[in-house]
Structure formats: C-alpha cells, structure tokens
1. Is there any pair linking a residue in the range 431-450 that is touching a residue at least 60 places away in the same chain (Cβ under 8 Å) to one that is of a type in the set (V, I, T) and exposed (fewer than 15 other Cβ atoms within 10 Å of the Cβ), with Cβ under 8 Å and at least six apart or on different chains, and which?
2. Go over the candidates D542, D480, D496 one by one and state the one that is open to solvent by 50 Å² or more (accessible area, probe 1.4 Å), farther than 16 Å from E458 by Cβ and either of a type in the set (F, W, Y) or without any contact (Cβ under 8 Å) to a residue 12 or more places away in the chain (or both).
3. Checking the conditions here, which among A325, A391 is assigned to a helix (DSSP H, G or I) and either at pLDDT 80 or above or out of contact with any helix residue (DSSP H, G or I) (no Cβ under 6 Å at 6 or more places or on another chain) (or both)?
4. Could you check A63 against (1) under 17 Å from A246 (Cβ atoms); (2) modelled with pLDDT under 80; (3) small (G, A, S) and say which number it fails?
5. Restricting to the range 237-260, name every residue that is open to solvent by 50 Å² or more (accessible area, probe 1.4 Å) and in contact (Cβ under 8 Å) with a residue 12 or more places away in the chain.
6. Is it the case that D377 is charged (D, E, K, R), more than 24 Å from R541 (Cα to Cα) and modelled with pLDDT under 75?
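The values are calculated or read from the model by the stated rules, or taken from the named source; none is laboratory data. All of these numbers come straight from a predicted model, not from anything done at the bench. All Cβ positions, even for glycine, are placed from backbone atoms using ideal geometry, and neighbour counts span all protein chains on display. Each accessible area value is taken on the protein alone, full model and side chains, heavy atoms only, with ligands, DNA and RNA left out. Shrake-Rupley method; radii C 1.70, N 1.55, O 1.52, S 1.80 Å.
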Amino acid sequence: MATTSPSESLAAHPLDKSVAAIGAGSGLARLTTGAKLFLILSAALLPLALIAIVATLNTTRVADVETRARLRLSASESARAIAIELIGDMTALRTAASALAADPANAPGCARAEGVFAQQAANGAASAGTRFAITDSSGRLLCGDLLPLSLPAPRSGMPIDAVVIPDRALVLSVTEPRRNITARAYFPRSFLALVGAPSARNAALSSTLLRGEDQLKLATIDDDDSSYRIETMRIDLGIAGLQLAATMPAAPITSSLVIALLLPLLMWAAAAGIGWFVVDRLLIRPLRRLRSSVASFMPGELIEPSALGTLPAQEIRELGETFRAISRTVALHEAGLAEGLVRQTKLTREVHHRVKNNLQVISSLINFHARGAPSPDAAAAYASIQRRVDALAVVHRNHFAEMEDNRGLNLKPVLGELAANIRATAAPESHGMGITLDIDPLLVTQDVAVAVAFLITETIELATGCDPAAQLRVSLKAIDRQDRAALRVVSRALIDSERLQALSRSRYGRVMEGLARQLRSPLHHDPLVGAYEIAIAVIGRD
C-alpha cells in the first residue's frame, strides 16, 4: 500500500492555499487588463486625493475658527462700549431725575445731565440728534429738549425701559416713582453705530440692536455675494433686555477653493484614465490585434506585425516578429507537406492504376481459358471466377476516379457497372436473367464497397444457381440513422428450397457470412419473400 510521508502532506498545504486563493480571486481574474489597471491605480491614488481634500477642508476650518475668534472679540468690544455708554448716560439721567423729584427747581442737577449729553455732542456729527428729556407727571418739560416723536409711557416695575424705533433710534426711559418724573434719552442710530464700532479697522462687522422682535441696524456689510458664509453671535448688553447681534463674513467659497477641492479628484481620475489609456494603446490593443491575427491564421499565410500599428511596446513587436517567423516556418512545412502529398497521391494513383490493369489482365486470361474449356461446367466455373474478378476491378476503377476528391465511393455507378458486367458474362442458359436496380447515391469507403460488390455477386450467383433465368431486384436505401443504409437483394429464386439450402451449405453460405462479418452487420434472409438484407455503413450522400 502506498503511504504519504509527513513532508509530502505538509508540502500539499501551500498548494491547497494557492488554489483557494485563485478561486477566491476568480472574479478579479475575469476582468480585462485595462479594468484591473484602472482599479489598481484608483485604489493607489484615491487615498492621496482624499488626504489632499481633507487638508484643504482643514485649512478652511482653521480660517473659520479664526473668523469666529475675531467675531467674538469685535462683538464683545462693541457690546461693552455700547453698554458702558448707555449705562453711564442713564445713570446721569436717574441722578438728575432724583434731584428734580426732590427740588423741581434744582438747576445744578439738570446742568450736570446737560453736560453729559453736551460732551457726546462734542464727539462730532455722528452724535448729532442725541438728546434727553425729563418731564413730570403732567408731561411738562423739566430739563433737556423735547424728543422728536411721541412715545408710550414707560412700563412700571422696570428700572430702565427701552423702545427700539426701527431704522431711526433707541429710546431709554427711567422713572422716579416719588414724583412720577420720567427721564428719556434719545440715541440715534448713527451715534450707536459710532460707539459700537470695533477698534480694528479691517474688521467687517455687521451689528444690530435687538429687543424682542424690534431691530435697529447699526452697521451693515455687503453680503450680497452668495459665496460668502456668515458667522453670527448674540451678546446681552445687560440693560433693558437689549442684545447686540453681530455677524461677520467667513472665508468665501471662491473658485480657488472649489478648484482646490476638486483638483485632487481630477488628478486621481486623470492619472487612472491616462494610465489605462497608455496601457490600452501600448499593450492591450496591440495584443488583441496580434491575437486576432493568430486566431485567423491559415496554413500558408504569414502573420504581419505591421498590422499592430506604430504605438505598441517593443516587447509586443518582438512577439509579433516571433509569430511571423513561426508562421513562415509553418508555411515552409506546409509547402513541403503539400508537395509530399502530391507525390503520395501520384504514387497511390499509380498503384491503383496498376492493380486495375492487373485485374483486367487476369480477367482477360480467365476469359481466354474459358473459351477453351473442355466442358460447360468448366466454362461456367471460369465465368464465375471472372465475375468476382470483375467485381473487384469495378471497385478499383471507381475508387481511382474518386481519388481526387477523396470523399468516398458512390455505390450507384459501382453497382450499375457491376450489374452490367454480370449480365454480360452470364452463361447462355442465363440470358433471360434480369437485374433491376434501385440505388440511392450513397458514399462508402473502399473496404465497404469491395465487401458489398462481392456480397451482391455471391447473392446473384446463388440466385442463378437456383434459377438460371432469375429476375432480381437490388435496392440500397438510407434508413433512419444517418450513418447506415439497407442493402436488399430480392428474387423468387431466393425463396427457401432444397436447392437453395444445398448451394448455401456447399458453396455460397460461408462466403456470404464472412462478407457480412466484414461489413460488421448480420445478414438476414427472408425465406418466404426470397430476400437477403443487410445494413451497411455509409459516410455521406452524393
């Protein structure tokens, strides 16, 4: 019993793993070389493109963080300045209102408030319109200037009340509850914008005072460009519920940013596409053309590498030259084989010609001896031998005629000539014999033709031995199978009789059985109809 050593069993494991790996990658193996190259380049370059995109996004994110930091700084500075200004002014007004509540004729208290607002007026034209008014419960002006618009009464319970007049001003109010004295300060939008302007001159800041739903825009920026992104922040001023909403444009989405984001992807796609294009033009297409040339190669032709074009790689050109040299060698061998085949055909034709002539010489010698036969029985014996020689000569003669095509022997002319020779060489008492043929133009090999010719001759000899004037019908018809045909000889002389049995046992039976074995098919005899039938092999139809 054969055993496997441990080393052999261990050596088998890597092979199994390799086969398993090949099976697992069969899907990739079915892809074309161009597709494989594109996938490999894509897998290699795509991470680099993603890294470049992430780096660009990080740069943009850093810029956004810087923008938010500058916004926080500027908004806090603006809110602090506005809150300080408003709280200081309202503190001065509260002090003046308290003094007037104690003494309505307190001129120094009113003068101090006027001094505070006069100092604001000294800041320039931006402060023009800043004013205050202190009134009693009847609305009589105690100090300051009348405001340019009528305002609702301050809400009770609030230290400082605020009214936002959209696009115009902010009005703050304080009330002295002892004498119901109200002090109001009117701050125009231009003054608040100047106070809330950040110290950094290059800070593009948009600011808005908010109280509930009311808004007062202090500073605006040009944000019509949709490519700008806006950062917003709200800061509580700590007075009368006021808030400062500040906005600052972040880094815009410019064409440079878009290009910076798309360029890595474009470079990735371009690199993969160019790699595929170069390999396709230099390798894949020339290989396909070379394969097509090799696939359509016919013996005797030459494979021309010039059909590959001017772009293929040098290795493919060398491969094409190798195929061209091989095709030239094959053409030379084919020419030598063709020449040898011609010589062989001539020799074979000469052999068949000599066999045919020799058979004709033998037939003539038999005919010559038959004329000098001492008895009718001897003449009949000579005639019987001559008919068998003629049967073989007929096959050789027809085979010699069909050699150029080498497609087989057509039994129709062979059996026609054979029947004519049998009638011509029949004995005088058999001159009434008739042979009717019903033959399909079927093709057979020479071996089958020789066996069929001898079998028909023997059958006709058997029939004429029973009845010299026998009438025979020979038919050859194709059957259901394409490679078989039915040969049938029918005559009343072949009906079962003592004479037929005697001749079969003594002379013809053994020969006919041997010919049937040569045809590889059983020979059937119908004793009631008088027919012999056998299936023969055919190779086609003419």
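1. Going by the 8 Å Cβ cut-off, the qualifying pairs are L443/I539; V444/I539; T445/I539.
2. Only one candidate passes the filter, namely D480.
3. Numbers: A391 fails: either at pLDDT 80 or above or out of contact with any helix residue (DSSP H, G or I) (no Cβ under 6 Å at 6 or more places or on another chain) (or both).
Result: A325 is the single residue among A325, A391 that is assigned to a helix (DSSP H, G or I) and either at pLDDT 80 or above or out of contact with any helix residue (DSSP H, G or I) (no Cβ under 6 Å at 6 or more places or on another chain) (or both).
4. Of (1) under 17 Å from A246 (Cβ atoms); (2) modelled with pLDDT under 80; (3) small (G, A, S), only one is false for A63: (1).
5. Our first condition is that a residue be open to solvent by 50 Å² or more (accessible area, probe 1.4 Å); within the range 237-260, this holds for 238, 241, 243, 253-256, 258-259.
G238, G241, Q243, I253, T254, listed by residue number.
6. On the way: charged (D, E, K, R): yes; more than 24 Å from R541 (Cα to Cα): yes; modelled with pLDDT under 75: yes.
It is true that D377 is charged (D, E, K, R), more than 24 Å from R541 (Cα to Cα) and modelled with pLDDT under 75.
Listed here are the residues, each with its yes/no results for (1) open to solvent by 30 Å² or more (accessible area, probe 1.4 Å); (2) farther than 24 Å from A469 by Cα; (3) modelled with pLDDT under 80.
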{"residue": "E334", "(1), (2), (3)": "yes, yes, no"}
{"residue": "H353", "(1), (2), (3)": "yes, yes, yes"}
{"residue": "N357", "(1), (2), (3)": "yes, yes, yes"}
{"residue": "I366", "(1), (2), (3)": "no, no, yes"}
{"residue": "S384", "(1), (2), (3)": "no, no, yes"}
{"residue": "D405", "(1), (2), (3)": "yes, yes, yes"}
{"residue": "A419", "(1), (2), (3)": "no, no, no"}
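Quick grid of which residues meet (1) modelled with pLDDT under 85; (2) part of a loop (DSSP other than H, G, I, E, B); (3) closer than 21 Å to L218 by Cα; (4) not polar (S, T, N, Q):
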| residue | (1), (2), (3), (4) |
| --- | --- |
| G129 | yes, yes, yes, yes |
| F132 | no, no, yes, yes |
| S137 | yes, yes, no, no |
| L146 | yes, yes, no, yes |
| S150 | yes, yes, no, no |
| G157 | yes, yes, no, yes |
| L170 | no, no, yes, yes |
| V174 | no, no, no, yes |
